[in-house]
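Heads up: the structure comes next, in structure tokens.
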Amino acid sequence: MVFDFLRGEFIDVISWLDDTRDTMVWRFERRGQAIKYGAKLTVREGQAAVFIHEGQLADVFSPGLYQLETNNMPILTTLQHWDHGFQSPFKSEVYFVSTTRFNDQKWGTKNPIMARDPEFGPVRLRAFGTYSMRVSDPGKFMTEIVGTDGEFTADEISTQIRNIIVQAAAQVLAGSGIPVLDMAANTEDLGKLIAGAIGPKVAEYGISIPEFYIENISLPEEVEKALDKRTSMGVVGDLNKYMQFNTAEAMGNPASGAGSAMATGAGMGLGMGMAQTMGTNMGPWGAQPPAAQHTPPPPPPVGKEWHLAENGATKGPFSEAQLAGLVSSGQLARGTMVWAQGMEGWKAASETELDRLFSQMPPPPPPAG
């Protein structure tokens with residue numbers, strides 16, 4: 001037993017093999033935390049070894065094979081202190097730090113982000129995505145985050161990183177000035193802005209964010225439903241023509257039964273119309289010559305109703321006659337954003353049929369005198 005113990009004192013190999021994929025720091029367990037003179041330290045690729053001596057960071061070892069023999073290092077041997085029964089009064093600890101990437105880390109906004117959209121006005125946004133992190137400064141990571149934790153996992157730091165990301169995302173999205181409908185096409189650029197904002201903050205912990213992605217930016221459910229209705233109206237276009245098309249299609253489909261029903265209704269309406277006409281033309285003495293009938297003129301066509309966007313709010317509706325007055329008074333300019341039913345989105349007044357209103361304005365009066 002004594003020889004086995006001595007043999008164990010003379011041979012010391014310090015290394016770490018990790019198969020958990022989520023452990024960031026692992027402390028090498030040594031009896032009494034005493035590291036012998038001549039011990040071999042193996043640091044593999046994707047690792048770093050941090051030596052802590054008497055509670056202070058002594059050294060950081062990069063990947064390689066080391067034999068701990070120099071007296072300049074804070075490493076003591078148990079065999080130098082027989083009077084202490086192989087227990088060194090000086091303690092050294094070795095922490096292995098994983099420097100590989102920890103991928104597929106999730107982030108997301110718990111509460112909506114308030115932003116001002118140039119088209120919809122104040123809106124609430126939600127965003128989520130993924131990121132990867134790695135330890136870029138093992139010594140700083142040990143002193144700032146880990147401390148004396150013998151086994152530190154990625155979950156223990158992910159909440160703090162997530163809070164930093166959400167704060168930066170709120171500032172970037174709210175101050176970007178990009179319309180909500182265009183954010184999906186700019187997620188890559190927005191992601192770079194957020195990653196640049198969080199980089200200096202996580203560097204204080206000895207961490208870097210090599211990859212950052214925004215998977216989705218969305219509106220509240222009720223706002224998305226309203227937007228879907230508006231989109232449907234734009235796709236339908238003229239509602240009267242749309243109803244006529246649906247009616248004709250239903251009449252041409254025998255399986256629907258709508259054709260026969262509508263034909264029956266149309267026949268009944270035709271018969272009632274003929275009976276009414278005959279009753280009008282037949283007096284008490286028989287047939288009378290039809291009196292001159294005057295078809296009433298159709299109602300005047302209804303012009304488009306226009307809406308204006310100004311300072312994040314909408315005004316209207318206005319008729320073209322009212323808009324002409326606004327042009328004369330200078331309240332409507334060529335660059336004013338306008339919208340009417342049937343348009344896909346807001347456009348400048350000069351890009352619509354309202355452009356003719358500006359050409360009808362008289363030129364400025366000649367100078368006096």
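Any read-out appearing in this document is the output of simple, stated calculations on the displayed coordinates, not a laboratory observation. All of these numbers come straight from a predicted model, not from anything done at the bench. Virtual Cβ from ideal backbone geometry, glycine too; neighbours counted across all protein chains shown.
Some observations on this one:
- Taking other residues whose beta carbon is less than 13 angstrom from the beta carbon of TYR131, and scoring Lys, Arg as +1 and Asp, Glu as -1, yields +2.
- Bridgeable lysines around LYS315 (alpha carbons under 26 Å apart, same-chain partners fewer than 8 residues away excluded): LYS225, LYS229, LYS304, LYS347.
- Remark: the range 102-220 carries a charge dipole of roughly 340 debye about the Cα centre, counting +1 on each Lys and Arg Cβ and -1 on each Asp and Glu Cβ.
- Shape of the range 102-220, Cα gyration tensor, a/c cut at 1.5: prolate
- 5 angstrom amide H check on GLY38, placed H, neighbours 5+ away: LEU68, GLU69
- Two-site FRET efficiency, GLN322 against ARG124, from Cβ-Cβ distance with R₀ of 41 Å, rounded to 0.05: 0.75
- Each residue of the range 140-155 was assigned a 3J(HN,Hα) from its phi angle through the Karplus curve 6.51 cos²θ - 1.76 cosθ + 1.60 (θ = phi - 60°); the sequence is 5, 4, 5, 6, 8, 10, 6, x, 10, 5, x, 8, 10, 10, 5, 5 Hz, with glycine and proline shown as x.
- Residue separation of GLU221 and MET251 scaled by 0.36 nm, minus their Cα-Cα distance, works out to 7.1 nm of gained length.
- Residues whose placed amide H lies under 5 Å from that of GLN341, excluding near-sequence neighbours: GLU305
- Estimated vicinal HN-Hα couplings, Hz - the range 52-57 in sequence order (Karplus 6.51, -1.76, 1.60; Gly, Pro = x): 10, 10, 6, x, 10, 5
- Pair GLU54, SER136: separation of 7 Å Cα→Cβ label points (nm): 3.4 nm
- A Förster radius of 30 Å, combined with the Cβ-Cβ distance separating LEU17 from GLU204, puts the computed FRET efficiency at roughly 0.45.
- Cross-link reach list, lysines versus LYS36, counting only Cα pairs under 18 Å and skipping chain neighbours closer than eight places: LYS91
- Positive minus negative residues near PRO179 (Lys, Arg vs Asp, Glu; Cβ under 11 Å): -2
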